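What follows is one structure encoded as structure tokens, with my remarks underneath.
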Protein chains: 2
Amino acid sequence: MSDRVKFLLDEKDIPESWYNIVPDLPGPPPPVLHPGTGQPIGPQDLAPIFCDELIMQEVSTAPRIEIPGEVRDIYKQWRPTPLYRARRLEAALDTPAHIYYKYEGVSPAGSHKPNSAVAQAYYNKKAGVRRLVTETGAGQWGSSLAIACSWFGLDCEIYMVKVSYHQKPYRRGLMEAFGAKVYASPSDRTASGRAILAKDPNCSGSLGMAISEAVEVAAQSADTKYALGSVLNHVLLHQTVVGLECQKQMEMAGEYPEVLVGCTGGGSNFAGIAFPFLGAKLKKQKDIRVVAVEPSACPSLTKGRYAYDFGDTSHLTPLVKMHTLGSTFVPPPLHSGGLRYHGMAPLVSYCLQHGLIEATSVHQLETFQAGVQFARAEGILPAPEATHAVAATIREALRCKAEGKARTILFNLCGHGHFDLQSYMDYFAGKLKDYAYPEAEIAMALAGLPSVPVAG
Amino acid sequence: MSDRVKFLLDEKDIPESWYNIVPDLPGPPPPVLHPGTGQPIGPQDLAPIFCDELIMQEVSTAPRIEIPGEVRDIYKQWRPTPLYRARRLEAALDTPAHIYYKYEGVSPAGSHKPNSAVAQAYYNKKAGVRRLVTETGAGQWGSSLAIACSWFGLDCEIYMVKVSYHQKPYRRGLMEAFGAKVYASPSDRTASGRAILAKDPNCSGSLGMAISEAVEVAAQSADTKYALGSVLNHVLLHQTVVGLECQKQMEMAGEYPEVLVGCTGGGSNFAGIAFPFLGAKLKKQKDIRVVAVEPSACPSLTKGRYAYDFGDTSHLTPLVKMHTLGSTFVPPPLHSGGLRYHGMAPLVSYCLQHGLIEATSVHQLETFQAGVQFARAEGILPAPEATHAVAATIREALRCKAEGKARTILFNLCGHGHFDLQSYMDYFAGKLKDYAYPEAEIAMALAGLPSVPVAG
């Protein structure tokens, strides 16, 4: 074991291919279905909104997919990201645990999101697309796509959940600095947005609604495609650079994680760090306990149903099998905008359903308490989303202390909180609260789950 | 020459000592004088506000000063910082120049400031000090000291220039997240502050005023010391880790800079990158052109007088010989809060006076234009202070293009702009302007320069 604090790889150690977990799974994941026919959809159904190479990745069963040279060249601007041993946090917790964290906050957008944004912008540019349109919640994904589009000379149009649009003007400023056009969603620019506003003119928006608007815009223009920041297989695939680098870095550290923790909203940062380690577990090379942690007030993995559902509110997307709270569920106004989504990535849901991972949830106040404790020990202020992983890691580390076990714990510190200071200020001012489990709202949304037509 | 984008050093390559330029200078720098007697001050004059080890560093003529192990351990949280080859910016400018930049924005506070904050907190903690008090403008220094104090278990009290206190609430939030107490300056907590407010209750503050308040508080409590984020010799000394790392990294790149550019407010980031290279120049090992760049509206190096002056508005500090615009000069409300200071580090001033460096100035709009061009090429949004270095570098690179010369240019990208989005938003909204050279105000302030009593 090394006495280092930071484990850095060289530019040449950026992975040459992404890891695809699909062929290693115990069986094929449930197909994506057409909501009208109940038939599995084909590439042609996705062609109006995604370019061909991304559709191929979405359905690929190849074990590895090569990272194009142009994408690796841009990854070099911030990758490989550092792996840290949290020695000061360990000391503050007085735990025998060895705590490691991968820090994705060094990217231009301050999170893991550019890993997929750059890849998506590249493939779309190559396919002759002129403009990408997307949704964003807290703004991590939107700013990542804005930066990626600026690199590849693509126009970028972003539907930002209205509550975040007003709460996080600097995230919007960052997107605009890179040339993107940002609209508060629901907007009057789309039929979906107008329909929502007609029912509720003061609607503060949700990720599901913003997805509807972005998909609608993309479907209507031949030179425009849609980009999604999480949930889909190809997005999770791009994020595996995180876990692949981690595997080399843990080797440098001379340890192997017994517990791996990641926070989950749509599932992409979690899958990014976890899937390569799950691959080793599935191949019986190395065992590991993998813990997904989500907000108690938006508990898709811990309280949702594993069922076919829409990815958006206006039901423009195909049906995917996932842990869902119902596509009409609007989560309470948590400060972790990136975790306020009704569903979960189908591949992450599949892993939970098959017992490959565990899921747990934490309340908002515990996450901010953990974020402050982490910051004061390690010097890095985590994004509210990332504090969920910090909180679950602290729980694990304190359990190690109680049991006198020196376990090795690894978590993904997926982003910094420099754009989220208002939430920390609100926390210190005593303005934040825990939200009760929204049982009735979730039950109602689940009652509205689509009935899947019988195929054939 | 390598084809890399990023040059990373290992943890063990963090310098083991800071570089002191003083013994390499052509002669001893002018002494600091007591404003009452005109006599050079002694360590005992500084003891009420600084701890002994920092006073020793302030007057040291040793060529190298060892970096304590505890400080290096904390440096490891983000150091060594990356050196980048700006290949995409070069392409955007279509210049034959090779542009390199050292990126200090990866630190916990997002700039170079923690390099000195950590050292100052360490020495004060070791000396039994319980509390540090300081001033801050844009908040880079204040948040760095807040983080450093949190690491060493010191209380931290910060006087933040009032206009920035209100313009940059998130910087204040960051300081508070690390446990610091932050007050808008001028405040009613000090005699200096009350005297300023009595004259002008709506005074929006300046760095000179905030320094007065912080020094006053420190001088009144035995367990409290003052910390300064720039200007003084020991602060510049701590920043030389930047240039020392750069020297190794340029060697990795197989090049040596012909032109070095740094922005100057108090002088610390400039000295940090420049002094080790100036050392090699003074020792006739390697020649280099060194360019300091400052705001045209606060032009201490290009338009100021090289004279003895106070460091603060209320004249609580000793007299230092420096390029000054007069301690009562209040710069226009530029968005580069960190460069709004009436004076310049005495060591930087000395270097200019002796022809070791050049100085130039740029207007605000040119700096934001440069910042946006840099961001869209390199993916990193620079702090408004750092955009001055970017603008001067772009000028140099375009001159290379005009002359058909492939010069190697190095600059210090001393911080990111994640807390400065409002200024970019104002820039895009056409709300920013260039300020005319404040000739009358500077003339008046210079007319009020202190007369130095005849020593003896």
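Name the shape class, rounded, prolate or oblate, that the alpha-carbon gyration tensor gives for the protein assembly as shown, where a ≥ b ≥ c are the square roots of its eigenvalues, rounded holds for a/c under 1.5, and otherwise prolate holds if a/b is larger than b/c and oblate otherwise.
prolate
Among rounded, prolate and oblate, which fits the range A:196-353 when a ≥ b ≥ c are the square roots of the eigenvalues of its C-alpha gyration tensor, a/c under 1.5 means rounded, and a/b larger than b/c means prolate?
prolate
For the range A:52-167, what does the convex hull of the Cα positions come to per residue, in cubic angstrom?
153
Just checking the output field for A:173-180: average partner chain Cβ neighbours within 10 Å of each residue's Cβ?
6
Run the reach check for A:Lys12 against aspartates and glutamates, Cα to Cα strictly under 20 Å, same-chain hits fewer than 8 apart removed. What comes back?
Output for A:Lys12: A:Glu66, A:Glu70, A:Asp73, A:Glu104, A:Glu245, A:Glu251, B:Asp3, B:Asp10, B:Glu11, B:Asp13, B:Glu251, B:Glu378.
So what J values fall out for the range A:82-97 if you push phi through Karplus, 6.51 cos²θ - 1.76 cosθ + 1.60 with θ = phi - 60°, rounded to Hz, Gly and Pro as x?
Result, rounded to whole Hz: x, 9, 10, 8, 7, 4, 6, 5, 4, 5, 5, 8, 6, 10, x, 5.
Taking a 18 Å limit on the Cα-Cα distance, which of the listed pairs A:Lys102/B:Lys168; A:Lys113/B:Lys6; B:Lys125/B:Lys225; A:Lys284/A:Lys401 fall beyond it?
Correct reply: A:Lys102/B:Lys168; A:Lys113/B:Lys6; A:Lys284/A:Lys401.
Put the label 7 Å from Cα along Cα→Cβ for B:Glu439; what are its distances to the other copies, in nanometres, shortest first?
Once sorted, the set of distances for B:Glu439 reads 7.8 nm.
Just the C-alpha atoms of the range B:79-235: what Rg/Rh do they give, with Rh taken as the Kirkwood radius?
That ratio is 1.07, to two decimals.
Mind checking the mean number of beta-carbon atoms from other chains within 10 Å of the Cβ atoms in A:71-77?
3
Taking one equal scatterer on every alpha-carbon of the range A:358-456, how large is log10 of I(q)/I(0) by Debye at q = 0.10, 0.23 1/Å?
-0.41, -1.20
Could you work out the equivalent-ellipsoid semi-axes for the range B:214-304, taking the square root of 5 times each eigenvalue of the Cα gyration tensor, largest first, in whole Å?
Ellipsoid half-lengths, sorted descending, are 30, 18, 10 Å.
Relative contact order for the range A:282-377: what is it in percent, counting Cα pairs under 8 Å that are at least 6 residues apart?
34
To the nearest Å, what is the center-to-center distance of the range A:413-446 and the range A:302-342, using C-alpha atoms only?
17
Please list B:Lys6, A:Lys321, A:Lys286, B:Lys284 from largest to smallest accessible area, probe radius 1.4 Å, with all protein chains kept in place.
B:Lys284, A:Lys286, A:Lys321, B:Lys6
Considering only chain B, pick the residue with its Cβ nearest the axis of the rotation onto chain A, and state the distance in whole Å.
Residue of B nearest the axis onto A, distance in Å: B:His418, 2.
If I measure Cβ to Cβ between cysteines in chain A, which ones have no partner under 4.7 Å?
A:Cys51, A:Cys203, A:Cys246, A:Cys263, A:Cys298, A:Cys351, A:Cys400, A:Cys414
Could you give the spread of the C-alpha atoms of the range A:152-211 along their three principal axes, from largest to smallest, in whole angstroms?
Result for the range A:152-211: principal-axis Cα extents of 37, 23, 16 Å.
To the nearest 0.05, how large is the calculated FRET efficiency for B:Lys181 and B:Ala406 if R₀ is 60 Å and r is the Cβ-Cβ distance?
The value I calculate is 0.70.
Over the range A:374-456, what relative contact order in percent results from Cα pairs under 8 Å that are six or more residues apart?
After rounding, I find 30 percent.
With Kirkwood's inverse mean 1/r over C-alpha pairs for Rh, give me the Rg to Rh ratio of the range A:280-325, two decimals please.
Across the range A:280-325, the Cα-based Rg/Rh ratio is 1.15.
As a test, work out the antiparallel percent of DSSP beta bridges whose residues both lie in chain B, rounded to the nearest 5.
Within chain B, antiparallel bridges account for around 35 percent of the total.
Taking a label point 7 Å from Cα toward Cβ, how far is A:Thr37 from its twins in the other copies, in nm, shortest first?
9.6
Rounded to the nearest 5, what % of DSSP beta bridges with both residues in the range A:256-375 are antiparallel?
40
Which of the three applies to the range B:299-431, rounded, prolate or oblate, going by the alpha-carbon gyration tensor with a ≥ b ≥ c and a/c under 1.5 meaning rounded?
Cα axes put the range B:299-431 in the oblate bin.
Where the centre of each part is set by its Cα atoms, how far does the range A:94-141 sit from the range B:97-139, in angstrom?
So the two Cα centres are separated by 28 Å.
Determine which lysines satisfy two conditions relative to A:Lys321: a Cα distance under 17 Å, and not lying fewer than 8 residues away in the same chain.
Partners within reach: A:Lys303.
How many angstrom lie between the C-alpha centres of the range B:1-65 and the range A:222-283?
Using only Cα atoms to place each centre, the spacing works out to 46 Å.
Rounded to two decimals, what is Rg over Rh for the range B:251-317 when you use alpha-carbon atoms and the Kirkwood radius?
Rg/Rh: 1.08.
Report the far tail of the P(r) of the range B:330-406, meaning the percent of Cα-Cα pairs longer than 14 Å.
That fraction is 69 percent.
Please give the average number of partner chain Cβ atoms lying within 10 Å of the Cβ of each residue in A:87-93, rounded to a whole number.
Going residue by residue through A:87-93 and averaging, the value is 1.
Give the share of C-alpha pairs in each 20 angstrom bin for chain A, from 0 to the last occupied bin, in whole percents, shortest bins first.
27, 62, 11, 0
Kindly give the distances from B:Arg194 to its copy-mates, label point to label point, with each label point 7 Å from Cα along Cα→Cβ, as nm values to one decimal ordered shortest first.
Ordered by distance, the counterparts are at 6.5 nm.
Counting alpha carbon pairs within less than 8 Å and at least 6 residues apart, what relative contact order, in whole percent, applies to chain A?
20
Does anyone have the angle between helix B:364-378 and the longest principal axis of chain B? Alpha-carbon axes, 0 to 90°, nearest 10?
With rounding to tens, the tilt is 50 degrees.
Round to the nearest 10 and give me the degree value, 0 to 90, for the angle of helix B:207-220's Cα axis relative to the longest principal axis of chain B.
50
As an exercise, identify the trypsin sites (Lys or Arg not before Pro) in the range A:79-188 lying in DSSP coil whose Cβ has no more than 10 other Cβ atoms within 10 Å.
none
Give me P(r) over the range B:1-56, computed from all C-alpha to C-alpha distances, binned every 5 Å, as integer percentages.
4, 12, 12, 14, 16, 11, 8, 7, 6, 6, 3, 1
Nearest 20 debye, what's the magnitude of the dipole of the protein assembly as shown about its Cα centre given +1 on Lys and Arg Cβ and -1 on Asp and Glu Cβ?
For the protein assembly as shown, the charge dipole is close to 200 debye.
Please compute the modelled spin-label separation between B:Leu197 and B:Tyr256, points set 7 Å along Cα→Cβ, answer in nm with one decimal.
Those two pseudo-labels are separated by 5.6 nm.
Under 18 Å from the Cα of B:Lys433, which aspartates and glutamates turn up, not counting those fewer than eight places away in the same chain?
B:Glu294, B:Glu366, B:Glu385, B:Asp420
The values are calculated or read from the model by the stated rules, or taken from the named source; none is laboratory data. The model shown is predicted, which means the values in this text are computed figures rather than measured ones. Cβ coordinates were reconstructed from backbone atoms using ideal geometry, including for glycine residues, and neighbour counts include every protein chain displayed. All accessible areas refer to the heavy atoms of the entire protein, side chains included, with ligands and DNA or RNA removed. Shrake-Rupley method; radii C 1.70, N 1.55, O 1.52, S 1.80 Å.
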